[in-house]
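Inspection log for the structure reproduced underneath, given as structure tokens.
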Amino acid sequence: MDFFDRYFELRARIAPFRLKTDYETVKTCAIIRGIADRASAMKEGALPEKSYLAKFFGVNGFSDAETILSWAEEYVGQLEKGEYPFKNGFTEVGYGMSDHTFIVKDGELHIIYNRPQTGYGWWERFSDTLGHASTTDLKNWTFHGPALSTELSTFGEYQVWSPGIVEKDGLYYMFYTGVNRYGSQAICMATSPDLFKWEKCKNNPVITPGNWGDWHEKRWSDCRDSFAFKDDDGTFYVYYFAKQINGGEVKPVIGISSSKNLIDWKDEGFIFMKCCLHDAESPYVLKRGGRYYMFFTNCFRGIDYVTSYNPISGWDIPEKGSDNVFIEGSVCASEIFEFNRKNYMTYIKWLHNEQVSLMYIREMVWNKDGTFKLGKYI
């Protein structure tokens, strides 16, 4: 069958399901349509590898249009059998779900998150807004529209990524990755009294790597995926992914900055993530029983973690090949939160060369010895 005959047949098969209004069906249809439409655009000549952004950022490894369309056909077949191929996966309809952060306000759980467009990699369609949703039961979500966007004449004029939020004296501070037109990334900040109206800091970016970092404002530079953490003594820390040059070799590191007032920041250096074959993205830090846990994305391996008894130094980074990866595969951006007296972990699962991304929420149980296990999906 001709490609476009297959495409039109798929659209006709999925059309009756689009009459339904339940979240699972609406979400599934949007993902299938996004994949199929991307395949159609590629067949008509809109090849991702020829785009300016793909060349500029060195992105490669794309699938062909026929393969992508076959994924959509497989998902339609499952839907016709009464199966939901993306069950337990959460996302805003029409968008993917990537790096995110949680915060509880007045008994309601809020999430701020990246919004990549379904069917496209971030290099093809700008992730130029951060989404905002909330829930009281982890099952029914209210979407509030974008919380923050890119803006000309600011550092984050091209994309905005990976938010992290802390609260101080009734004011919420969001640390996020601003990306300029050269692909250079830096940590920017915005504040809000209510999680809805955000005002960007006039001095953005507020954090860039110290002299140890491989960073420049006018070329691709890694300084992203910030996480903000408040320690017991009132000190705030921001952890972020960066690169360091040592003896001519570029190495993955987690940069650290500290502050007492969330305005003035001190560079605390970096943690060399020698366990990673590639990058160490999306750090998340928590403290339990006097011990610090850092969860992060060990790229091309899965979700990993290390521990320390000091927020800056002493992290037990293993050698390559002996890491603590506990969720393997194309997963990233794990977060941990407590809600209604239960602990949960979230992570993002990527499908099909980042054309589809979904967030999964699972119960998390801590053992007395400081270890943990993941339970059922929400």
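The values are calculated or read from the model by the stated rules, or taken from the named source; none is laboratory data. No experiment lies behind these values; they were computed from the predicted model shown. Note: ideal-geometry Cβ built from the backbone for every residue, glycine included; neighbour counts use all protein chains shown.
For a quick check of your reading: which helices (runs of 4 or more DSSP H) sit entirely within region 6-84 and have at least 3 residues that are more than 21 Å from Gly96 (Cα to Cα) and touching a residue at least 40 places away in the same chain (Cβ under 8 Å)? Write out each step before concluding.
On the way: elements: 23-43, 52-57, 65-80.
By residue number, no helices (runs of 4 or more DSSP H) qualify.
Restricting attention to region 277-300, the residues being buried (at least 17 other Cβ atoms within 10 Å of the Cβ), more than 24 Å from Ala190 (Cα to Cα) and out of contact with any Ser or Thr (no Cβ under 9 Å at 6 or more places or on another chain) number 2. Within region 181-201, the set of residues being over 20 Å from Val250 (Cβ atoms) and at pLDDT below 95 comprises Arg181 only.
Here region 335-378 is the region considered, the condition is being in a strand (DSSP E or B) and hydroxyl-bearing (Ser, Thr, Tyr), and the residue that is surrounded by the fewest Cβ atoms within 10 Å (Cβ to Cβ) is Tyr377.
If you take the residues in region 339-374 that are of a type in the set (D, E, K, R) and without any contact (Cβ under 8 Å) to a residue 24 or more places away in the chain, which one is farthest from Thr135 (Cα to Cα)?
Step one: filter region 339-374 for residues of a type in the set (D, E, K, R), giving 341-342, 349, 354, 362-363, 368-369, 373.
Within this subset, residues satisfying the condition of being without any contact (Cβ under 8 Å) to a residue 24 or more places away in the chain are 341-342, 362-363, 368-369, 373.
On the way: Arg341: 15, Lys342: 15, Arg362: 16, Glu363: 16, Lys368: 30, Asp369: 32, Lys373: 24 Å.
Among them, the one singled out is Asp369.
For region 87-101: of the residues being among the hydrophobic types (A, V, I, L, M, F, W, C) and surrounded by 21 or more Cβ atoms within 10 Å (Cβ to Cβ), which is nearest to Phe295 (Cα to Cα)?
Here is the first cut: in region 87-101, the ones among the hydrophobic types (A, V, I, L, M, F, W, C) are 90, 93, 97.
If we keep only those that are surrounded by 21 or more Cβ atoms within 10 Å (Cβ to Cβ) as well, we get 90, 97.
Working: Phe90: 21, Met97: 19 Å.
Per the stated criteria, the residue is Met97.
In region 215-260, of all residues being among the polar types (S, T, N, Q) and either closer than 27 Å to Lys320 by Cα or free of Cβ contacts under 8 Å to residues at least 12 places away in the same chain (or both), the one that is surrounded by the fewest Cβ atoms within 10 Å (Cβ to Cβ) corresponds to Asn246. Can you spot a residue in region 137-159 that is part of a loop (DSSP other than H, G, I, E, B), more than 13 Å from the chain's Cα centre (by Cα), among the small types (Gly, Ala, Ser) and buried (at least 23 other Cβ atoms within 10 Å of the Cβ)? Yes, because at least one residue in region 137-159 is part of a loop (DSSP other than H, G, I, E, B), more than 13 Å from the chain's Cα centre (by Cα), among the small types (Gly, Ala, Ser) and buried (at least 23 other Cβ atoms within 10 Å of the Cβ). Being outside the structural domain of Ile31 (by TED's automatic domain parsing) and over 21 Å from Ala228 (Cα atoms) narrows it down to one of Thr118, Thr129, so name that one. Matching residue, one of Thr118, Thr129: Thr118.
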